[in-house]
Amino acid sequence: MGLRAYLLVNAKDEVRHDDFRKAVLDLEDFIEVDFVDPVVGSCDMVVMIEAAVSVEAVARKISSLYWVENVSTLKIVSIFERHRTSKRELLKALRHEEEVLT
């Protein structure tokens, strides 16, 4: 398993319906792309990718497409890694409180 991320992609305003549909279909053909979902909200589509080496390289590749306005990246992290980091920070804070109290 490689590095996984969600890309939030905005299309340029001048992209018409047919061009947008083609853009979605073209993105689905990228080897790194798991799925593309058009959405309504702060972005135009959500793209899930799995990159062998670099999420940033895939994001740059998509950003360079003529119809793309911008791309934001949300890297997927392991819940266990997040927990470990949180636990370390909590233990560090507790040690600091103990030092202050003594």
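Some notes on this structure:
- Residue 13 sits among other residues whose Cβ lies under 14 Å from its own Cβ, and their net charge, with Lys and Arg +1 and Asp and Glu -1, is -2.
- Reciprocal of mean inverse Cα separation for the stretch 3-77 (Kirkwood radius, Å): 12.2 Å
- Local electrostatic count, residue 67, Cβ distance below 11 Å [Lys/Arg +1, Asp/Glu -1]: -3
- Backbone N under 18 Å from the residue 72 label point (7 Å along Cα→Cβ), restricted to the stretch 1-40: 5-13, 37-40
- Annotation for residue 21 and residue 4: the two label points, set 7 Å from Cα along the Cα-Cβ direction, are 3.1 nm apart.
Since every read-out is calculated from the coordinates, none of them should be taken as a lab result. Bear in mind that the values here come from a model prediction, so they are computed numbers and not experimental data. So basically every Cβ, Gly included, is an ideal-geometry build from the backbone, and we count neighbours across all protein chains shown.
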